[in-house]
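The values are calculated or read from the model by the stated rules, or taken from the named source; none is laboratory data. Every value quoted in this text rests on a predicted model; they were computed, and no experiment measured them. We place every Cβ from the backbone using ideal geometry, glycine too, and count neighbours over all the protein chains shown.
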Amino acid sequence: MAEVEAEQPVQDEELSCFRDIKPGAPHHYLVVPNQHVGNCKSLGKEHVPLVKQMVEVGKQILQRNSVADLTDVRFGFHWPPFCSVTHLHLHVLAPASQMGFMSRLFYRLNSYWFITADQLIELLNTK
């Protein structure tokens, strides 16, 4: 991926990354495949490399924007039917400790409506 300024979207042949229009944290990005992929519930084991690549792009954009502490980051997906968009998109939020009340609710760990990237990879590996 080419080096870009913080406000410019990042794109390569497979993925695009850009700021969320309703940020839930000081750094809130979406990583999306350029080709249509349904929501996370429609994925299979063959999509594990894609999900891992999406997380790596999320880490890269955080590092480019001076987020040094990658332990205070949330990577995850909304679980259907709690998706506003039916195109796969990874939420990258940092620092997670600075999310407001509503964001902590929308991107809540161990909830019915949000699944972390690690949880999704584990689930897909069992398919």
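Computed values, structure above
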item: Residue pairs meeting the criteria (Cβ under 6 Å; at least 6 apart or on separate chains; first of a type in the set (Val, Ile, Thr), in segment 76-90; second surrounded by 13 or more Cβ atoms within 10 Å (Cβ to Cβ)); result: Thr86/Asn39
item: Considering residues of segment 59-115 that are closer than 23 Å to Gln35 by Cα, out of contact with any Gly (no Cβ under 6 Å at 6 or more places or on another chain) and aromatic (Phe, Trp, Tyr) only, the residue surrounded by the most Cβ atoms within 10 Å (Cβ to Cβ); result: Phe77
item: Segment 15-41 residues that are crowded, with 19+ Cβ neighbours inside 10 Å, paired with ones that are of a type in the set (Ser, Thr, Tyr) (beta carbon under 7 Å, 6 or more apart); result: Cys17/Tyr29; Gly24/Ser103; Gly24/Tyr107; Ala25/Ser103; Val32/Ser16
item: Residues being in a strand (DSSP E or B) and touching a helix residue (DSSP H, G or I) at 6+ places or on another chain (Cβ under 7 Å) - total across segment 21-57; result: 4
item: Conditions (1) among the hydrophobic types (A, V, I, L, M, F, W, C); (2) outside any helix (DSSP H, G or I); (3) under 26 Å from Gln11 (Cβ atoms): number failed by Ile61; result: (2)
item: Test: residue in segment 94-114 that is touching a Lys or Arg at 6+ places or on another chain (Cβ under 8 Å), within 22 Å of Glu14 (Cβ to Cβ) and in contact (Cβ under 8 Å) with a residue 12 or more places away in the chain; result: no
item: Number of positions in segment 51-64 that are without any contact (Cβ under 8 Å) to a residue 24 or more places away in the chain and among the aliphatic types (A, V, I, L, M); result: 0
item: Qualifying residue in segment 29-51 (condition: farther than 20 Å from Thr116 by Cβ and hydroxyl-bearing (Ser, Thr, Tyr)); result: no
item: Test for Asp118: is it modelled with pLDDT of 95 or more, loosely packed, with under 15 Cβ neighbours inside 10 Å, part of a loop (DSSP other than H, G, I, E, B) and of a type outside the set (S, T, N, Q); result: no
item: Verdict on Phe18 being within 26 Å of Leu123 (Cα to Cα), in contact with a strand residue (DSSP E or B) (Cβ under 9 Å, 6 or more places away or on another chain) and in a strand (DSSP E or B); result: no
item: Output for segment 93-109, where each listed residue is outside any helix (DSSP H, G or I) and over 16 Å from the mean Cα position of the chain (by Cα); result: Gly100
item: Exclusive hit being at pLDDT below 95 and among the aliphatic types (A, V, I, L, M), set Leu105, Leu43, Leu50; result: Leu105
